[in-house]
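We did not get these values from a lab; they are worked out from the coordinates using the rules stated. Keep in mind that what you see is a predicted model, and the values were worked out from it rather than measured. Neighbour counts are summed over all protein chains in view; Cβ atoms, including those assigned to glycine, are modelled from backbone coordinates with ideal geometry.
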């Protein structure tokens, strides 16, 4: 079973979901803008991705430019910013058995389908 943190308005997210569905794998779709992750669950996902929290931030978003651009935040502060403003979370994120990949490019999800 895979889990995808998905935004249906994002073409990369839709492409990643299509790759998963075409593979026949079972998938749980989490529309994270409707159901934002908790601080604890986002922290866990970041650990599974093996990245720093700031690396998961979408820096092209207006809210990033207005509130966070040029600021030095701690890991905890970045996580809190993404929990409060889930639009800042890069997408899609696909998780399987404790391992996660960022679906940029969407073909990255194939790593979890092997």
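A few notes on this one:
- Screening residue 70 against (1) touching a residue at least 24 places away in the same chain (Cβ under 8 Å); (2) part of a loop (DSSP other than H, G, I, E, B) leaves a single unmet condition, (1).
- Members of the stretch 50-67 that are assigned to a helix (DSSP H, G or I) and exposed (fewer than 12 other Cβ atoms within 10 Å of the Cβ): 62, 65, 66
- Residue within the stretch 16-28 that is under 14 Å from the mean Cα position of the chain (by Cα) and touching a residue at least 60 places away in the same chain (Cβ under 8 Å) present: yes
- Selected residue (criterion: surrounded by the fewest Cβ atoms within 10 Å (Cβ to Cβ)) from residues of the stretch 29-49 that are within 20 Å of residue 104 (Cα to Cα) and free of Cβ contacts under 8 Å to residues at least 24 places away in the same chain: 47
- Selection over the stretch 1-46 of residues that are assigned to a loop (DSSP other than H, G, I, E, B) and within 23 Å of residue 75 (Cα to Cα) gives a count of 6.
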